[in-house]
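Encoded as structure tokens, the structure appears first; notes follow it.
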Amino acid sequence: MLSRVADHIYWLARYLERADYTARVLDVNSQMVLDMSGYLEADAAEAWLPIIEVSGGRESFLRIYKDVNESNSTQFMLFDSDNPDSIRQSIASARENARAVRDQISSEMWEQINRFHLRLKGDTYESFLRIGPSEYLNRVKSSIHLFYGIADSMMPRSQGWEFFNLGRFLERANNLSRLIDVKCISLLPAGKPEGSAVDLIQWAALLRSCWAFEAFRKNRQGRITGKRVLDYLILDEFFPKSIRFSVTEAESALRQISDSHDHHFKDPAGRALGRLRAELDYAEINDLIETDIHAFLLRLQSDIANISSLIDHTFISYPVEEARMA
Amino acid sequence: MRTPARSDLFSHYSLDGFYDEMFAAPGDPRPHYRKLHSRLETMDSLTLAEKQTLADQAFLRRGVTFTVYEQGEGTERIFPFDSLPRIIPAEEWARLETGLAQRMEALNLFLADIYGEQRIVKEGVVPAEVIRTSKHFRPEMMGVKLPRGLHVHINGCDLIRDGEGNYRVLEDNLRCPSGVSYVLENRQTLKRVFPNLIRDYNVRSIEQYCQDLLNTLLHLAPEHVPEPTVVLLTPGIYNSAYFEHVFLARQMGIEIVQGSDLTVRDDRVFMRTTRGLAQVHVIYRRIDDDFLDPEVFRKDSLLGVPGLFEACRKGNAALCNPIGTGVADDKAVYAYVPAIIKFYLDQEPLISNVETYLSSEPKQMALIMERLPELVVKSVNEAGGYGMLVGPHAAKAEIEVFREKIKANPRNFIAQPTIQLSRCPTVCGDRIEGRHVDFRPYVLNGESVRIMPGGLTRVALRKGSLVVNSSQGGGSKDTWVLGKTTADSESISENRIIL
């Protein structure tokens, strides 16, 4: 497969996953502020700053808006063209990547992303309010899931599919670690007695942001506590929205791409990803919390950034002089 | 039961003295248009509008678009489509076909000669000056051997019909002629809009084109390569014809690449794949000569591939069309094509040129100066209607400006009598009116010359307009070439697929 085509498919998947994640985080936060009404004004900066932190960033937000409140945060994360992580921008980027490989993806995939992009382009904050946050974000998520469904049923299981999965799961692992990190900062060292009502609401919100609430309840019958939630979201082997699961899936996609069928990766990208996966396989949640979970999550993010650039160097923009013959 | 009323779709139709594709005289359709005419006669404006909507929706859904640039932002537009076909009867097509093949053969010999011995110059048929000063003449190509001795592989030859209905060549397009994807999409659409009419009419299929194009490309591969790799080289997704590039690559099942995907090593061309470098043998390029190789042509080109020219010169890769074909579609060289045909083939041209005066020839210059207000003046290197004077429509001052320009740089201009394009019935709101059309068939030159039975009919949708360019209110029509027998019809070839 052409390197450029692989690159576009990889980024198509990353941007889609990013939009999906932003929609989810925004949706859960809008609902959480309602649950927290006894403790926190729905429009309070504290209610919205954390999610700005995980999508777009506080700095770029404050360059555009003065006040951190519900409407500014929502506009920033949904429609803002100066926020490259906003849903509209992510989908526009996904669509640009899809357009560049229109001959490689099925017409159904192209038409779905194109239709979705055109609709988002026409929407405004007013139309968002008219439809209602929950319903609107649901439509966003459904449109993305429809794309995933079409991709799953139409894409040949060759290199394109593997690059699609590689991008999707690396992006997911990265997003999860950012989200968990922000929540840990605001929740863990607060000195509040564990298991307070506020805690419970916030840990439950974190689970919901990761699509994990129902799965957690089913799989880990019992109380919602910080440690148990973190164990599930970081280290669970079977839950598709855990970091460990995502890294494992990314590794298996990369193994297909580089034809490394046993555990011996020949390329640096594979070795780095394999190391990360092994570390997650053998990690223990108590150790992580006792040492420094923030540092752990930060390193995980830099590992993923490093793996992404190694993938680029190995398969996409490798120096011609070192290239082998296909 | 409702008896179909005689429709008033044609109530405002007038011929205005132009050659009309459908009508020999007011209310009197030519034989090959009679079926379409009687179908339209029993159709009310509502049904016609439905047919047109059906066609428009099909284009919208499939995203058949071109890009228009306004204020730095590209917008994708639908290429307007008119649902009434242009029809060419079998005998008329047979004459066109031989004429187009003759022209292709002569132009190929001309290019081989120009980049070889230049016999035609030495014998004084084409002045050396005309060749030397042609913007698209590439001295780098002198003496370069090309695969199978083919110097041009595709000509999108623009034809018009004069006041008597005679076909004439308006210009050749020997570099990267575009538009064929619309021809194929138009047919797909009309199959849905007028399925019965297409069957009744015995319309010839154009399905074969992409296979013929692929065969033409494969024919250029080095002979010792058992499974050559063919790619389409595009300037990228922002190019106005990107839709067409994707369409053709997909139809032929070849990779679509950008300059950055290709690299040259040891004078061989490779594409970068996720598994390393893979050799490329034939490149269907949709990039102009100037941008192909920054080592040889424009140094600032980011679209091209450094070293590509040398790889082709050594015979390790082939380009379609080859470099330097543009010398033969130069508007001044165009005036010599009848002489070129005579020189190489010893034949009279079967399709005439439009009468053309060269301001570089003293005698013709005098004539141009005398008759300037009634002539059309074109700049030899421009396309798409730029740098043009339409004498009868121009202000006196504008004519004088051109007079000075021509005197200052005679090589840069040609002049032609104002030509009247033929008109064809076209849907205009809720009725049918005549609109001017031209015609671009696609001529392939591989193992033999092959011409798709059809082509791009462009129509100037604005009343009275002669400009058929898509950027200036032009649209297109399906073109039906009729079969002599049922053996080569669209319906039969479809049956074959079903069987």
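The values are calculated or read from the model by the stated rules, or taken from the named source; none is laboratory data. What you see is a predicted model; the values in this text were computed from it and never measured. Note that each Cβ is placed from the backbone with ideal geometry, even for glycine, and that neighbours are counted across all protein chains shown.
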Residue in the range A:255-278 that is part of a helix (DSSP H, G or I), without any contact (Cβ under 8 Å) to a residue 24 or more places away in the chain, more than 14 Å from chain B (Cβ to nearest Cβ) and farther than 18 Å from A:A173 by Cβ present: no
Cross-chain or 6+ apart pairs with Cβ under 6 Å, the range B:311-327 first and at positive phi, then part of a helix (DSSP H, G or I) and at pLDDT 95 or above: B:G324/B:M141
Test: residue in the range B:459-476 that is crowded, with 17+ Cβ neighbours inside 10 Å and of a type in the set (K, R): no
Residue count for the range B:416-426, restricted to those that are crowded, with 22+ Cβ neighbours inside 10 Å and either modelled with pLDDT under 95 or part of a loop (DSSP other than H, G, I, E, B) (or both): 2
Subset tally (residues that are surrounded by fewer than 20 Cβ atoms within 10 Å (Cβ to Cβ) and touching a helix residue (DSSP H, G or I) at 6+ places or on another chain (Cβ under 8 Å)) for the range B:81-106: 3
Qualifying residue in the range A:137-148 (condition: farther than 24 Å from B:Q251 by Cα, out of contact with any strand residue (DSSP E or B) (no Cβ under 6 Å at 6 or more places or on another chain) and within 14 Å of another protein chain (Cβ to nearest Cβ)): no
Residues being within 14 Å of chain B (Cβ to nearest Cβ) and not hydroxyl-bearing (S, T, Y) - total across the range A:281-326: 14
Neighbours by Cβ (under 6 Å, 6+ apart or cross-chain): first from the range A:103-116, within 13 Å of A:S153 (Cα to Cα); second modelled with pLDDT of 90 or more and buried (at least 21 other Cβ atoms within 10 Å of the Cβ): A:M109/A:A151
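For the range B:252-260, state whether one or more residues are of a type in the set (G, A, S), within 13 Å of chain A (Cβ to nearest Cβ) and touching a strand residue (DSSP E or B) at 6+ places or on another chain (Cβ under 6 Å). Give the steps one after another, and end with the answer.
Going through the range B:252-260, the residues of a type in the set (G, A, S) turn out to be B:253, B:259-260.
So of that shortlist, the ones also within 13 Å of chain A (Cβ to nearest Cβ) come out as B:253, B:259-260.
Pick out the ones that are also touching a strand residue (DSSP E or B) at 6+ places or on another chain (Cβ under 6 Å) and you get none.
Checked against the condition, which is being of a type in the set (G, A, S), within 13 Å of chain A (Cβ to nearest Cβ) and touching a strand residue (DSSP E or B) at 6+ places or on another chain (Cβ under 6 Å), the range B:252-260 yields no hits at all.
Residues of the range A:120-135 being touching a residue at least 24 places away in the same chain (Cβ under 8 Å) and of a type outside the set (F, W, Y), which ones? Reasoning before the result, please.
Taking the range A:120-135 and keeping what is touching a residue at least 24 places away in the same chain (Cβ under 8 Å), we get A:120-121, A:123-125, A:128, A:133-134.
Residues satisfying the conditions are A:L120, A:K121, A:D123, A:T124, A:P133, A:S134.
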Residue in the range B:219-232 that is part of a loop (DSSP other than H, G, I, E, B), surrounded by fewer than 18 Cβ atoms within 10 Å (Cβ to Cβ) and touching a Phe, Trp or Tyr at 6+ places or on another chain (Cβ under 9 Å) present: no
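Of these, B:R132, B:R204, which one is surrounded by fewer than 19 Cβ atoms within 10 Å (Cβ to Cβ) and either touching a helix residue (DSSP H, G or I) at 6+ places or on another chain (Cβ under 6 Å) or basic (K, R) (or both)? Steps first, answer last, please.
Details: B:R204 fails: surrounded by fewer than 19 Cβ atoms within 10 Å (Cβ to Cβ).
Among B:R132, B:R204, only B:R132 is surrounded by fewer than 19 Cβ atoms within 10 Å (Cβ to Cβ) and either touching a helix residue (DSSP H, G or I) at 6+ places or on another chain (Cβ under 6 Å) or basic (K, R) (or both).
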Any hit, the range B:131-141, residues being modelled with pLDDT of 95 or more and part of a loop (DSSP other than H, G, I, E, B): yes
Which numbered condition A:S127 fails, given (1) assigned by TED's automatic domain parsing to the domain that holds A:C210; (2) over 22 Å from the mean Cα position of the chain (by Cα): (1)
Residues of the range B:157-171 classified as under 11 Å from the mean Cα position of the chain (by Cα) and assigned to a loop (DSSP other than H, G, I, E, B), total: 1
Residues (within 30 Å of B:V305 (Cβ to Cβ) and at pLDDT below 95) located in the range A:263-312: A:K266, A:D267, A:P268, A:A269
B:R265 being buried (at least 21 other Cβ atoms within 10 Å of the Cβ), facing another protein chain (nearest Cβ under 8 Å) and under 20 Å from A:E321 (Cα atoms): no
Residue within the range A:173-188 that is more than 14 Å from chain B (Cβ to nearest Cβ), farther than 28 Å from A:R275 by Cβ and either surrounded by fewer than 19 Cβ atoms within 10 Å (Cβ to Cβ) or of a type outside the set (K, R) (or both) present: yes
Verdict on B:A101 being modelled with pLDDT of 95 or more and on the phi < 0 side of the Ramachandran plot: yes
